[in-house]
Amino acid sequence: MAITEFLPKEYGYLVLVLVFYCFINFWMGFQVGKARKRYNVQFPTLYAIESENKDAKLFNCVQRGHQNALEMMPMYFILMILGGMKHPCICTGLGLVYNISRFFYFKGYSTGDPTKRLTIGKYSFMGLFGLMICTISFGVTLIRG
């Protein structure tokens, strides 16, 4: 059986949204690299220490914005992949909400004021919650057979 027989054709949109998030994640990583140079934080230091670097908070906010995105990525991907098997269009829309709000989460965090991460970034949680509901729906469908 070919994969195209198993998955709805709209699942392709979901796949593209996941790849879009990969580009956003690469971009965030590049921003951390630029912040390392700007604030003089050498590898392998993960977080700058304020007593050793006057710009530690600024660097740490950039680093933390990316780190948080990495921490959430496995959950986001699995919810998209599984929930999208039953609800590909809804999950595609929720994935776009997540991606866009994650971009703004990072931008807000990178200002050095962590509270700014939630201005638009808070909507990423709405996206994840919706994806959880879609994935639960898929699980229930499998159980009911």
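Okay, here's what the table says:
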item: Per-residue HN-Hα couplings for the stretch 139-145 [Karplus 6.51, -1.76, 1.60; θ = phi - 60°; Hz; x = Gly/Pro]; result: x, 4, 4, 5, 5, 6, x
item: Theoretical FRET efficiency, 1/(1+(r/R0)^6), r = Cβ-Cβ of residue 9 and residue 129, R0 30 Å, to 0.05; result: 0.70
item: Inter-probe distance in nm under a simple model that places probes 7 Å from Cα toward Cβ, at residue 46 and residue 22; result: 2.5
item: Spatially close lysines, pair count over the chain: Cα under 19 Å, gap of eight or more or interchain; result: 11
item: Contact order relative to length of the chain, as percent, for alpha carbon pairs under 8 angstrom and 6 or more apart; result: 26
item: Radius 10 Å from Cβ of residue 114, net charge of other residues (Lys, Arg +1; Asp, Glu -1); result: +3
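All of the numbers you see were taken from the coordinates with simple rules; none came from a lab. All figures in this text were calculated on a predicted structure; none of them were measured in a lab. Cβ atoms come from the backbone with ideal geometry, glycine included; neighbour counts cover every protein chain shown.
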